[in-house]
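For reference, the structure discussed in these notes is given below.
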Amino acid sequence: MSKSKAEILDAAAEVFMKLGADTASIDDVARHLGATKGRIYHHFPSKGVLLAEVCLRAADFVHEVVGPAVDASATPEANLRRMIALHIPEILRTLPYHKVIIQSYVGMNQKSTTALERELFDRIRVERRQYEDIFRNILKAGIEDGSFREQNLSIALQSVLLLINAPVFWYKPRKNEPTNFVADLTDQLADMAVSALR
């Protein structure tokens, strides 16, 4: 990805997060970026495409960090803890993107009006499913080997994902935040997830 395109996506994520994806305009993004609308339209033909690309990048951030971390020789619990330990710091590092993707999940079909936008939002759904499958496979392995209790896999999966994505809803960086806050948060949520699964 070019530096210019990445800068536009970063600016769009900030603006969509603050103003709401429905309310924010290309003008708002250009103003935040200190650029012309032409620079944005050079890379993104519409606001819908820009929004979809922000959502795709959000999915890519976590997938690229968590996906390769799965160790076939490790226990399901060890894998799950490691995945959570990577997932949470990454969503906090790229928080504006994840706030936007949560906004955009509701009414995604209604917001996509062109063929390109529909194609991009279809890709988001596919990539989200692929990311969920990484967790689904670990939970399934844990149920099968007895380290997690017998339970409805879909309910367990969605509950774990909701738990580890919860900081997106409430976390705000603070100037006086303890240096170990993110690590403590990650450990606590990993403990909660594993305890609920046992």
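Tell me the relative contact order for the chain as a rounded percent, counting alpha carbon contacts under 8 Å between residues six or more apart.
That works out to 24 percent.
Could you tally the net charge around Ala12, taking each other residue with its Cβ under 14 Å from the Cβ of Ala12, Lys/Arg +1 and Asp/Glu -1?
Cβ neighbours under 14 Å give a net charge of +1.
Mind giving me the FRET efficiency for Arg31 and Asp122? R0 is 30 Å, r the Cβ-Cβ distance, nearest 0.05 is fine.
Efficiency, from the Cβ-Cβ distance: 0.45.
Report the Rg/Rh value for region 148-197, based on alpha-carbon coordinates and the Kirkwood definition of Rh.
A ratio of 1.08.
Treating the angle as unsigned and between 0 and 90°, give the value, to the nearest 10°, between the Cα long axis of helix 95-105 and the longest Cα principal axis of the chain.
The two axes meet at around 90 degrees.
Which angle between 0 and 90 degrees, to the nearest 10, do you get for helix 76-93 versus the longest principal axis of the chain when only C-alpha atoms count?
Value to nearest ten degrees: 20.
With a sphere of radius 15 Å drawn around the Cβ of Pro96, what net charge do the other residues whose Cβ falls strictly inside it have (Lys, Arg +1; Asp, Glu -1)?
Net local charge, Pro96 excluded: -2.
Could you state the accessible area per residue of region 46-198 in Å², with a 1.4 Å probe and every protein chain left in place? Walk me through the numbers on the way to the answer.
Details: 7880 Å² over 153 residues.
About 52 Å² of surface per residue is accessible.
Pick out which of Arg174, Arg128, Arg57 has the largest mean-square fluctuation in a Gaussian network model of the chain, springs linking Cα atoms closer than 10 Å.
Ranking Arg174, Arg128, Arg57 by mean-square fluctuation puts Arg174 first.
Just by accessible area at a 1.4 angstrom probe, what is the order of Met1, Met17 from largest to smallest?
Working: Met1 140, Met17 50 Å².
Putting Met1, Met17 in descending order of accessible area: Met1, Met17.
Among the GluC sites (Glu not before Pro) within region 1-69, which fall in a DSSP loop and have no more than 13 other Cβ atoms within 10 Å of their own Cβ?
Working: sites: Glu7, Glu14, Glu53, Glu64; in loops: none.
Nothing satisfies the criteria.
For the pair Arg39 and Arg129, what calculated FRET efficiency results from E = 1/(1 + (r/R0)^6), where r is the Cβ-Cβ distance and R0 = 35 Å, to the nearest 0.05?
The pair Arg129/Arg39 has a calculated efficiency of 0.55.
Give a residue-ordered list of calculated ³J(HN,Hα) values for region 160-174 (Karplus: 6.51 cos²θ - 1.76 cosθ + 1.60, θ = phi - 60°; whole Hz; x for Gly, Pro).
Once rounded to whole Hz, the list reads 5, 5, 5, 5, 7, 9, 4, x, 4, 6, 10, 6, 9, x, 10.
Find the lysine pairs in region 1-159 meeting two conditions, Cα atoms under 18 Å apart and a separation of 8 or more places or different chains, and report how many there are.
9
Report the local net charge at Val182: Lys and Arg +1, Asp and Glu -1, summed over other residues whose C-beta lies under 12 Å from its C-beta.
The answer is -2.
Counting C-alpha atoms alone, how compact is the chain: give Rg to one decimal and Dmax as a whole number, in angstrom.
Rg then Dmax for the chain, in Å: 18.3, 58.
In nm, to one decimal, how far is the Asp71 label point from the Lys3 one, both placed 7 Å along Cα→Cβ?
Each label point is offset 7 Å from its Cα along the Cβ direction, giving 3.8 nm.
Suppose we take every Cα in region 60-167 and form the convex hull; what volume per residue is that in Å³? Provide the component values of the computation, followed by the final result.
Values: hull volume 11.5 nm³, N = 108.
Taking the convex hull of the Cα positions in region 60-167, it is 106 Å³ per residue.
The values are calculated or read from the model by the stated rules, or taken from the named source; none is laboratory data. This structure is a prediction, so every number in the text was calculated from the model and none was measured. Cβ atoms come from the backbone with ideal geometry, glycine included; neighbour counts cover every protein chain shown. To get the accessible areas, we keep the full protein, side chains included, count just its heavy atoms, and leave off ligands, DNA and RNA. Shrake-Rupley method; radii C 1.70, N 1.55, O 1.52, S 1.80 Å.
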